[in-house]
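Please treat every number below as a calculation from the coordinates, not as lab data. Values in this document were obtained by computation on a predicted structure and should not be read as measured data. Quick reminder, even Gly has a Cβ in these numbers, built from the backbone with ideal geometry, and neighbours come from all protein chains shown.
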Ligand code: TEU
């Protein structure tokens, strides 16, 4: 029988703490700001929030560089504030997921400071240290050719002890060594710290990077002209990955009623994915497979051009919707997070004439599939990317900046030759997913007081696209989201637990994604004329000979129940 579970029926709302609401006028969002908006979050009809990292951190990667997992970044608030947030959410029957960042820490973490202090430190092996290599001329070289995900070598030389440490993201984010049992115990204790305070689960950051190939071999040479190669085949989903997850389950998670969602990069095949989420594996509840946010990445990386085509979302959707039931697994449904541009601007349209319709189309997709939907704050009002009027200096995120500077250097520093890169940033920069929430049309969008300087650009379209304006408008994107979330809840038998059948491209045409969700009753494709229209983002829908006519970005949910 189908396993029913709260985490399957839940819809999760991601909050980027810096960008939700500033309660004290310092230009940065904070925990009290989130607490004050719990009634708003509740009114949407979501069941849980996922909070991106709020822990003590030098903020070199916006909190994904944790210096102490048991204290809170002071400008966000205190542990007591977080406790109040948890209590307030729970009183409103909303659960809370925290970000568990344990593939790496900040270089300011006490563990790393100890580890780097000497080669004989008891915490030396809590991180990944290696001796240098030397070339024929006797020049010092990195231990292998792996490239950091944020550019440059993945190895950082430490003058003090004469060894390199591995850092797959920024040099200030050293990778933890999960081979160390003592380190794992300490991490388990950090998890218990928050679980004992009522946290309902974790989104596990960079989850499948935790186990590397023990020999740290050179990565396959894909770009012979470049000094460093991806190496992901040796640092993603390594040999002990599943041991570590199972240990977390049995040692920690199984003692609480909680859920986990693992961030899964680089691993894309059905077999490997199944090993994380097949029910009988007893590992994770669900995953973010990266393919859905990579649909417009180029062959050599994120900021390379590759046009989005609906065929891509069709293929990925069909792949995972069909795969999960085979091994009784579960998955997420998502299009947005804090690591990319808004799906509305990337995969649909934020042009004024289409924006509301397109945002509702995406909402239809996110709420009618099997899997736990994750939405990013602002999606409910159709927040979009920064427009073309914003130049390269508006982009402040480290990933995009590093890439921009790398290319600029390769092109001899000529900023006049950077239009193609700017175009990619306009689509995919992580800044777009981190834009301050647009609450109303007052100065600073109601995100912070008018006199404050927001920590990052507020999209000037806030005067038109904001929460206040949509709250009482029954035609708004927000009203549509609320309707869809209620519909999913009312018909969870179909939308959460029902079967999935893709409609072939020969039936829908290449530009339309179509699928059937069934519960008990069998439907037949030929019979759509007898179906009622449950929801649509179009004012009117042409229907003839069993066919339904969709306008650009149109969406329709037909029902025979
Ligand atoms: O992201 C993991 C990751 O692989 C990212 O490089 C992601 O693919 C990229 O940002 C897409 O543009 C997680 C977090 O979500 C991200 O915010 C952190 O910067 C990263 O881990 C390091 O902790």
### Query
Can you sort 481, 194, 6 so the residue with the fewest Cβ neighbours within 10 Å comes first?
6, 194, 481
### Query
Between residue 530 and residue 270, what length in nm is gained on full extension when 0.36 nm per residue of separation is reduced by their alpha carbon distance?
89.9 nm
#### Entry: 0 to 90° range, to nearest 10: angle between helix 181-195 axis and the chain longest Cα axis
40
### Query
Using the Cα gyration tensor of the stretch 44-157, with a ≥ b ≥ c the square roots of its eigenvalues, what is the shape: rounded (a/c below 1.5), prolate (a/b larger than b/c) or oblate (neither)?
prolate
### Message
Nearest 10 degrees is fine. How inclined is helix 79-91 to the longest principal axis of the chain, computing both from alpha carbons?
### Response
20
### Query
Highest mean first, what order results for 251-257, 374-380, 271-277 on Cβ atoms within 10 Å?
374-380, 271-277, 251-257
### Query
Using Cα pairs under 8 angstrom and six or more residues apart, how large is the relative contact order of the chain, in percent?
13
## Note on the structure
Taking 386-394, 405-413 and ranking on average Cβ neighbours within 10 Å, highest first, one gets 386-394, 405-413
### Sequence-separation-based contact order of the stretch 292-393, relative, with Cα cut under 8 Å and 6+ spacing, percent
26
### Summary
Per the rule of 0.36 nm per residue minus the C-alpha distance, extending residue 308 to residue 507 adds in nm 69.5 nm
### Task
Starting from the Cα of residue 225, step 7 Å along the direction of its Cβ; do the same at residue 196; then give the gap between the two resulting points in nm.
5.6
### Query
Taking other Cβ within 10 Å of each residue's Cβ, how do 87, 501 sort, fewest first?
87, 501
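Take every Cα pair under 8 Å in the stretch 424-561 that's 6+ residues apart, average their separations, divide by the length, and report that relative contact order as a whole percent.
Details: 141 pairs, mean separation 17.2, N = 138.
Computed value for the stretch 424-561: 12 percent relative contact order.
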### Query
Do the sum for the chain: with -39,500 (n - 2.57) for every DSSP H run of n ≥ 4, divided by all residues, what is the mean residue ellipticity at 222 nm, to the nearest 500 deg cm²/dmol?
-8000 deg cm²/dmol
### Query
So, by mean Cβ neighbours within 10 angstrom, what's the order for 53-64, 74-85, 299-310 with the highest one leading?
53-64, 74-85, 299-310
### Task
Compute the separation of the alpha-carbon centres of the stretch 218-272 and the stretch 61-139 and state it in Å as a whole number.
18
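Could you work out how much longer the chain between residue 139 and residue 188 gets when fully extended? Use 0.36 nm per residue separation minus the Cα distance between them, nm to one decimal.
13.6 nm
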### Query
What is the mean projected area of the alpha carbon convex hull for the stretch 498-559, to one decimal in square nanometres?
4.3
### Task
Could you calculate the FRET efficiency of residue 388 with residue 316 from 1/(1 + (r/R0)^6), where r is the beta carbon distance between them and R0 is 25 Å, rounded to 0.05?
0.35
### Task
For the stretch 19-102, just say rounded, prolate or oblate: build the C-alpha gyration tensor, square-root its eigenvalues into a ≥ b ≥ c, call rounded for a/c under 1.5, and beyond that prolate if a/b exceeds b/c, oblate if not.
prolate
